[in-house]
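For reference, the structure discussed in these notes is given below.
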Amino acid sequence: SHQVTRSGFVLQVPNHVAEASGVSARITAVRSNADQTACVPAFTGSQSVTMSCDHLNPSTASVPVRLASQALNASGSGAQSCDATGRTMTLNFQPDGSAEVALAYADVGQLRLKATAHGAANDPDAGMSGSTTFVVAPAGWVVDRGGAGTGPILAGQAFSLRLRAVNSLNAITPGFGRIDSASAHAVQLSWSLSEPSGTGARAGTLGGTGTATGAPLTAAAFGQSGEVTINDMQWSEVGKGRVSATLGQAGGFLGSGIAPTGQSAELGPFVPAYFEPALTAGCGSFSYSGQPLQALSVTARNAQGEVTRNFDGSGALSPIHASAVTWQLDAGAAASGSLSTNGLSASQFTAGVGQAASAPSYTFSQKLSAPLTAQLGIVRSDGVASTQNLVGAWPVRSGRLVLSDAYGSERAPLDMSVQAQHWSGKSWVHNAADGCTRVPSASVGLSQHRNQAGQAMAAFATPPTTQLLLLGQPQAVVLQSGRGTLRLGAPPAGVTGTVDVSLNLGLTSTDRACVGTHPNTSGAGLTWLRGPLGSSASCTSANDREPGAK
């Protein structure tokens, strides 16, 4: 069985966001007409009605619903929750039996609003009542770094992000963190790239709690305070961007159809976590002092080791998020010598990889320096520390090229020995690791053609009688395992004598060999193989002489 009520209140409150302006509760007093065929206004004009409220989800709260700025609890306190007593207030009912009163709630959740008219004992409307439920949702989320500062963030490395559920006045709504777990509300975080832009700009990947790749960010994580700090956020790229927060719940907050959102201010700049150098020594397994590296590249990486392609200064992206880097030698190498260049400019980086237009060389401050292994580290010009201090290492030797005297029959080609040497720390020794040195024939000078009486001769003066060969290969002296051969063709029949031979290792047409005077030749560009050569004191004490022999 059931009881039919002849009169009561019909209440309507729209779902809305916390502390939204312009929200009203509509209260309509109705009763059955005489033959109970229709509902008609129960009364009009000023009537005393008791209004109360209940917290349904969450079941506890720290603030009440307010009607016409009055808190619906016994004490009228805005710092206490709703209670069954509520507040009795006078409402002005219109001819259609309805009254509207401004409603506000500073927190969030599902609530019940109830109206009761007590009246006199003989009042037919005494005890009439009615209620409705409605949902108050967060106005959105404030997303920021909290107290973590505003400085650069390393790509791929964890940073902190704070989220606060707030009402329309930007005050925290702690009720969001108290929602019953069965409601399973979650907040989803996503990333939008703000800079750089341009062809090739990468959006990167946002990771951490609440993201597509991380653990869910549940309402419970907001706790009693209505805010949460996530400490495992990370973005994989270089640049700046914003984090957006949305409600990951079909039907909106508690089925209200309201889906709060929030977005952070621009975050960043994000910068590479570290730089990785890759180099190739000038002579394969080592470099001579003063010899440029064959190649040197620097790759900008995030904390997971992925290339940060937005670190690009080529002009393809705007604004530029690449920066200059400088070389840093290890202490031992820095104490013994120096590099020819300082580093790379921002413009030398394309899609996260920087290439040196001309690879640097390391040069000992003293020619007679023992071999060492140089280590090259990368330092950001802006002073941001890297998570790793990777270095490129290569052995360095102080070298020279020696051409030995030779003699033989005037009827056959004559081979002259060419040897690469390096300073061991005590003496000059054969450098068997040299398989890179090549001296073109145009760098070989022949002069001082004399017969056995010491008289000048013209027979050796011009090719082809001075054809140069090495192991059957024309045009160049090529070292293998640190040794090579310079072959002079046999002179014309009946011609004997001597000739001074020099190798021009410099950059100009004049060599510095310590044998007589020399014709102009083409420099081989192997200045690092100059050294103390010759028999005179001025030659053995100088470090810039070139090979010469007879």
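The values are calculated or read from the model by the stated rules, or taken from the named source; none is laboratory data. Everything numeric here is computed off the predicted structure, so don't read it as measured data. We place every Cβ from the backbone using ideal geometry, glycine too, and count neighbours over all the protein chains shown. Side chains included, ligands, DNA and RNA excluded: accessible areas come from the protein's heavy atoms. Shrake-Rupley method; radii C 1.70, N 1.55, O 1.52, S 1.80 Å.
Of the residues contained in segment 499-511, one or more are found to be within 27 Å of residue 396 (Cβ to Cβ), open to solvent by 50 Å² or more (accessible area, probe 1.4 Å), aliphatic (A, V, I, L, M) and at pLDDT 85 or above.
Quick one: count up the residues across segment 280-296 that are in a strand (DSSP E or B) and open to solvent by 20 Å² or more (accessible area, probe 1.4 Å). So that I can check it myself, show each step before the final result.
If we filter segment 280-296 for residues that are in a strand (DSSP E or B), which is where we start, we get 280-281, 284, 287-288, 292, 295-296.
With the extra rule that they be open to solvent by 20 Å² or more (accessible area, probe 1.4 Å), the set shrinks to 280, 284, 292, 295.
Adding up the residues that qualify gives 4.
Is it the case that some residue within segment 102-109 is farther than 18 Å from residue 224 by Cα and among the aromatic types (Phe, Trp, Tyr)? The answer is no, given that none of the residues of segment 102-109 is farther than 18 Å from residue 224 by Cα and among the aromatic types (Phe, Trp, Tyr).
Give the residues of segment 301-321 that are without any contact (Cβ under 8 Å) to a residue 40 or more places away in the chain and either under 20 Å from residue 392 (Cβ atoms) or charged (D, E, K, R) (or both), sorted by residue number. Within segment 301-321, just 305 meets the criteria.
Would you pick out the residues in segment 231-252 that are open to solvent by 10 Å² or more (accessible area, probe 1.4 Å) and either of a type in the set (Gly, Ala, Ser) or in a strand (DSSP E or B) (or both)? Residues satisfying the conditions are 231, 232, 234, 236, 240, 242, 244, 246, 247, 248, 250, 251.
State the number of residues belonging to segment 324-339 that are under 20 Å from residue 358 (Cα atoms) and either at pLDDT below 95 or among the hydrophobic types (A, V, I, L, M, F, W, C) (or both). Break it down into steps so the answer makes sense when it comes.
If we filter segment 324-339 for residues that are under 20 Å from residue 358 (Cα atoms), which is where we start, we get 324-329, 337-339.
From what's left, either at pLDDT below 95 or among the hydrophobic types (A, V, I, L, M, F, W, C) (or both): 324-329, 339.
Number satisfying all stated conditions: 7.
Listed by position, the strands (runs of 3 or more DSSP E) contained in segment 112-230 that have at least 3 residues being open to solvent by less than 60 Å² (accessible area, probe 1.4 Å) and closer than 16 Å to residue 249 by Cβ are 128-137, 186-195. Evaluate segment 259-270: report whether one residue or more is among the β-branched types (Val, Ile, Thr), closer than 20 Å to residue 320 by Cβ and open to solvent by 60 Å² or more (accessible area, probe 1.4 Å). No, segment 259-270 contains no residue that is among the β-branched types (Val, Ile, Thr), closer than 20 Å to residue 320 by Cβ and open to solvent by 60 Å² or more (accessible area, probe 1.4 Å).
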